[in-house]
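All remarks here apply to the structure that follows.
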Amino acid sequence: MRNLNAENITDAVIEQFSGCKDERLKSVLNSLVSHLHAFLRDVEPTEQEWTDAIDFLTRTGQMCDDKRQEFILLSDTLGVTMLVDAINHQTSNPQITESTVLGPFYVADPPEAGQGDAIDWGVEGEPFFVEGRVLDDQNKPLANVVMDVWQSDSEGFYDVQKELDSASLRARFKTDEQGRFAFWTVTPSPYPIPTDGPVGKMLELTGRHPYRPAHVHFMLITEGYETLVTQIFAEHDPYLDSDAVFGVKDSLVRDYQLRTPGKAPDGRDMQTPYRYLKYDFGLKAS
Ligand code: BEZ
Ligand code: FE
C-alpha cells in the first residue's frame, strides 16, 4: 500500500475495510468511499476549496444544539431527507397517505387535547377548522390513533421559535371510535426555514429562496401500522413548486376552503370568515 495515486487509492481504502465483520457497515463504507472519491475526481477541488468545505461542515456542526439541528436542515435543503423518505416509503396504493419531511420543529409529547378543541391558545389569526378520519387501506376507521399536530402561526413562526412559556399551535389528539379527529386552529402561512447559519449562507450564495409553502404537520402513531409523518399543504400557495426542502407531493395539497360567517361544520356559530379543511388519512399496515 504505497505509491498510491488518484486511480488506485480508492481500492486501497476499500481493502482496509475488508476485515469488517459487520457486512452492512462494510458495504455502506465501501460505497461511501467509492462515491466520495468519484465526486472528488469529478470536481477536482483546490486545497483551499477543500479547506472551505471542511470549514462549512465544521460551522454546520457548531450550529447544532438541543434546539437547532443544522445538519438536518442541510440534508433537507439538499433533497437528501426526501430521497431517504422516497427510498423508505414508496407506495402505489392511493389509499395510503404519503409521507414527507419531519422538520426541526416537532416536539415530543405535546399537550393533549380533545375532539374539537382549539389549539391556538392565545395566538391571533384567521380561524381554521380541521377535521377528518384515520382509516386503514380497506377504508376501515382506526380508533385511538395518536395524532400529533404542529404548525406555524399566521406570521410563519413556530412556538419554539418564540420562546413562549407554553406550547401553542401543537397538540396530541386521539381518534374516536369512528376514527375521527377535529380541531380549531389558525390558518398557517408560508415561512422561511432558519437562515442565520451555514445553510442560509448556502441558499443565499446559490440564489435560492428559503421559503416553505403553508402547511400543517401531522404524526400518526398506532400499533400494527407504520408511523406516518406528513403535512397537508394549502392549495394555491406561491411556494408549492419551489419548496426549499422539496417536501410537496400532489396528494398532500388541499384547498383550505374560505367560508363565510355562519354555522361551522361542528355547529360553532362563526361571526367572521374562517377556513375549513377535511382530510382522511390512510395508514399502511406494518
Ligand atoms: C418544517 O416544515 O417545519 C421544516 C421542514 C424542514 C426544514 C425546516 C422546516
Ligand atoms: Fe413546518
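For this structure, a couple of remarks:
- Only Lys, Arg, Asp and Glu carry charge here, each on its Cβ (+1 for the first two, -1 for the last two); on that basis the chain has a dipole of about 500 debye about its Cα centre.
- Calculated translational diffusion coefficient of segment 1-140 (20 °C, 1.002 mPa s; Stokes-Einstein with Kirkwood radius over alpha-carbon pairs) equals 103 µm²/s.
- Fluctuation leader among Pro190, Pro265, Pro238 - the chain, Gaussian network, Cα springs under 10 angstrom: Pro265
- The trypsin sites (Lys or Arg not before Pro) found in segment 11-62 that occupy coil by DSSP, while having at most 15 further C-beta atoms within 10 Å, are Lys21.
- Residue among Gly103, Gly224, Gly114 with the largest mean-square fluctuation in a Gaussian network model of the chain, springs linking Cα atoms under 10 Å: Gly224
- Note on segment 133-286: semi-axes of the ellipsoid equivalent to its C-alpha gyration tensor, largest first and rounded to whole Å, are 28, 21, 16.
- Rounded Å value of the spacing that divides the Cα centres of segment 44-107 and segment 135-214: 18 Å
- About the centre of its Cα atoms, segment 7-146 shows a dipole size close to 460 debye [charges on the beta carbon of Lys, Arg (+1) and Asp, Glu (-1) only; nearest 20 debye].
- Rolling a 1.4 Å probe across the protein heavy atoms gives segment 220-274 an accessible surface of 56 Å² per residue.
- Farthest toward the positive end of the dipole of segment 60-162, out of Gly125, Ile87, Ser154, is the Cα of Ile87, where the dipole comes from beta carbon charges about the Cα centre.
- Counting only Cα atoms, the chain measures 80, 40, 34 Å along its principal axes, largest extent leading.
- Relative contact order %, segment 74-282, counting alpha carbon pairs below 8 Å whose residues are six or more apart: 26 percent
- The GNM of the chain, with springs linking C-alpha atoms under 10 angstrom apart, assigns the highest mean-square fluctuation among Pro141, Pro45, Pro127 to Pro45.
- The Cα-based radius of gyration of segment 188-270, divided by its Kirkwood radius, gives an Rg/Rh of 1.10.
- When you filter the GluC sites (Glu not before Pro) in segment 63-127 for DSSP loop state and at most 13 other Cβ atoms inside 10 Å of their Cβ, you are left with Glu124.
- Estimated FRET transfer efficiency when R0 is 25 angstrom, pair His37-Leu57 (beta carbons, to 0.05): 0.90
- The alpha carbon radius of gyration of segment 91-198, expressed as a multiple of 2.2 N^0.38 Å, is 1.17.
- Accessible carbon and sulfur surface of segment 86-153 relative to its total accessible area, %, 1.4 Å: 46 percent
- DSSP beta bridge pairing in the chain, given as percent antiparallel to the nearest 5: 75 percent
- Per residue, segment 11-99 exposes 72 Å² of solvent-accessible protein surface, assessed with a 1.4 angstrom probe and all protein chains in place.
- Net lengthening on full extension, Asp165/Phe71 (0.36 nm per residue, minus Cα-Cα): 31.1 nm
- Debye-formula intensities of segment 52-121, expressed as log10 I(q)/I(0) at q = 0.17, 0.22 Å⁻¹, are -0.87, -1.02 (one equal scatterer per alpha-carbon, no solvent).
The values are calculated or read from the model by the stated rules, or taken from the named source; none is laboratory data. All values derive from a computational prediction rather than experimental measurement. Every residue, glycine as well, gets a Cβ built from its backbone with ideal geometry; the counts of neighbours run over all protein chains shown. When the accessible area is computed, the model is the full protein with side chains, heavy atoms only, and any ligands, DNA or RNA have been set aside. Shrake-Rupley method; radii C 1.70, N 1.55, O 1.52, S 1.80 Å.
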